[in-house]
């Protein structure tokens with residue numbers, strides 16, 4: 001890990017997975033930016049990539065994946081979603097994070113996003129570059145930390 005320590009704030013990194021199994025490069029880029037800024041990154045793709053590459057998945061397995069994601073969001077201080085396309089999973093995670101009082105950020109390249117996405121995002125960025133510039137001066141308020 002770059003600048004992160006044991007007491008570093010944790011960031012849940014959300015992004016489209018289903019249908020994007022071979023397009024996950026953004027995760028390495030965002031993880032590096034966050035780690036260099038002193039955050040610990042919780043990336044569900046690291047454990048779920050085998051699940052999403054399977055031909056068929058049992059309902060119970062799907063439930064466990066969702067439960068683990070929600071648990072990870074619960075223990076994080078910040079929620080960051082990368083949304084180049086509309087993703088049911090990312091939208092559900094964003095809703096949950098906001099309802100749990102997490103600071104929520106969305107990198108949103110959709111042209112006409114749902115008001116639900118905008119309403120549940122504390123910060124909205126049009127590109128990874130814009131997020132990178134913002135991150136240089138951002139510090140998570142201690143009242144947001146859990």
Looking at (1) more than 23 Å from residue 33 (Cα to Cα); (2) in a loop (DSSP other than H, G, I, E, B), which is the one condition that is false for residue 121?
(1)
Checking 117, 73 in turn, the sole residue that is surrounded by 15 or more Cβ atoms within 10 Å (Cβ to Cβ), farther than 19 Å from residue 40 by Cα and either at pLDDT 95 or above or in contact with a helix residue (DSSP H, G or I) (Cβ under 9 Å, 6 or more places away or on another chain) (or both) turns out to be 117
Within segment 125-143, does at least one residue satisfy the condition of being touching a strand residue (DSSP E or B) at 6+ places or on another chain (Cβ under 6 Å), free of Cβ contacts under 8 Å to residues at least 40 places away in the same chain and under 16 Å from residue 15 (Cβ atoms)?
yes
The correct count of residues that are modelled with pLDDT of 85 or more, under 12 Å from residue 82 (Cβ atoms) and not in a loop (DSSP other than H, G, I, E, B) in segment 26-55 is 8
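The values are calculated or read from the model by the stated rules, or taken from the named source; none is laboratory data. In this text the structure is predicted, and so the values were computed from the model without any measurement. Because the Cβ atoms are built from the backbone with ideal geometry, glycine has one as well, and the counts that use them run over all protein chains shown.
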